[in-house]
1. Using the 10 angstrom Cβ neighbour count as an exposure proxy, how do S37, S237, S251 rank, fewest first?
2. Take the Cα atoms of segment 79-148, build their convex hull, and give its volume per residue in Å³.
3. At 0.36 nm per residue, and after removing the present C-alpha to C-alpha distance, how many nm does the segment from Q209 to Q171 gain when stretched out fully?
4. How big is the dipole moment of segment 153-307 about its Cα centre under a simple scheme where the beta carbon of each Lys and Arg is +1, that of each Asp and Glu is -1, and everything else is neutral? Debye, nearest 20, please.
5. Could you tell me the relative contact order of segment 82-159? Use alpha-carbon pairs under 8 Å, at least six residues apart, and round to a whole percent.
6. Percent relative contact order of segment 131-190, based on C-alpha pairs within less than 8 angstrom and at least six residues apart?
7. In debye to the nearest 20, how big a dipole does segment 239-290 give about its Cα centre with +1 on each Lys and Arg Cβ and -1 on each Asp and Glu Cβ?
8. May I ask for the equivalent-ellipsoid semi-axes of segment 134-258, computed as the square root of five times each C-alpha gyration tensor eigenvalue and listed largest first in whole Å?
Amino acid sequence: MKARMRIRAKIWWVGAWLLVLGGSGVGAPTVELELNSYITNWLILGPFPNRVVEGELGGTNRLGLFTDYLTEIGGEAEAKLARGVRVTGWGRVEATNITSVTPEIDLDGVYGMLDLGVGYAFVNVRVRREVEAYLHVGSDDGVRVWLDGKLVIDMPGERGYLADENWARVQLRRGRHRLLVKVDDAFGAWKFGLRFVDEAVHRELIARQIRKELRVELEGERREGEALRVRLDTEPSLTDFVARVVGRWVSGDGAITQGFVVGLGEFVELPKGYERAEKVRLEAWTEGIPGREVRRVVNIYGGPISVVASGLAVRAANVLEGLTRTDVTARLAPVSYTHLRAH
């Protein structure tokens, strides 16, 4: 019986992968836009070197994520990628189609547990009707994403994989859209996962990333006689949908002295007359975050010598995570208070 196809394809199983290699000249994969589902069919190109140099302030920097390895085929923003395309300046690097049976694209599964590497993944996305969506991507390690030649996500750094960690809101017109992902690796796992989601799923994904407790910052730089102010926000901060913080001040004897409603990231003032109170308790919680209520309870002790805030968000864990000038200890340093004790 005669074969109907002259082009032979070799098929390998690599872990959780089905890797399909075909003849050159075949275009890059085109997938239909399916909101909320991961894209698992890609054309990959790599690996490229991820050169390490010493940083100005110590440590090391990896340059691969910021090196355009595709200049000979149009550059990263305009690269013409298809199966069989080769980049000759970096050894035998040839574009190959892959289909993953998992949401994550495991580049270690393709390139064999390579460290200090850089790889590209490309796909065409066909959109049947115009839609506003959210592009979500997670990666190990750093990632950059171009949509139709525009850099929409730029997230360098060394990190473990967290699905849907970074996102960008995009407008997808009817037709075909070019999507290019670039992922670098330091050591260990090397992977990414990407999908377009609708607004409802986007809001749920953002809510999942929020810590269970509000971030509390005591404003320390203030004039004599001005009320102590406390800033309340989520961690990380929310920027793409509306929520608010509802709360109350409770005096030392348990009486509610004042309620409040503020937006995320806004300040609330200590009620007048309590600047030198022995203790005032701040209770606050969020409203408007899908499927999650973020709460905090903080005790503030006032006096001419010291202020003591107690609560999880001002524990030593925050110090270990790296405090900024807007955080509690740094902000209180210029004031007449001599110490901040967290417990």
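No lab work stands behind these numbers, since they all come straight from the coordinates. This structure is a prediction, so every number in the text was calculated from the model and none was measured. Glycine gets a Cβ as well: all are built from the backbone with ideal geometry, and neighbour counts include every protein chain shown.
1. Ascending number of Cβ neighbours within 10 Å: S237, S37, S251.
2. 142
3. Between Q209 and Q171, full extension yields 11.3 nm more.
4. Charge dipole of segment 153-307: 600 debye, to the nearest 20.
5. Relative contact order of segment 82-159: 14 percent.
6. Once normalised by length, the contact order is 46 percent.
7. 140
8. So the three semi-axes of segment 134-258 are 39, 18, 14 Å.
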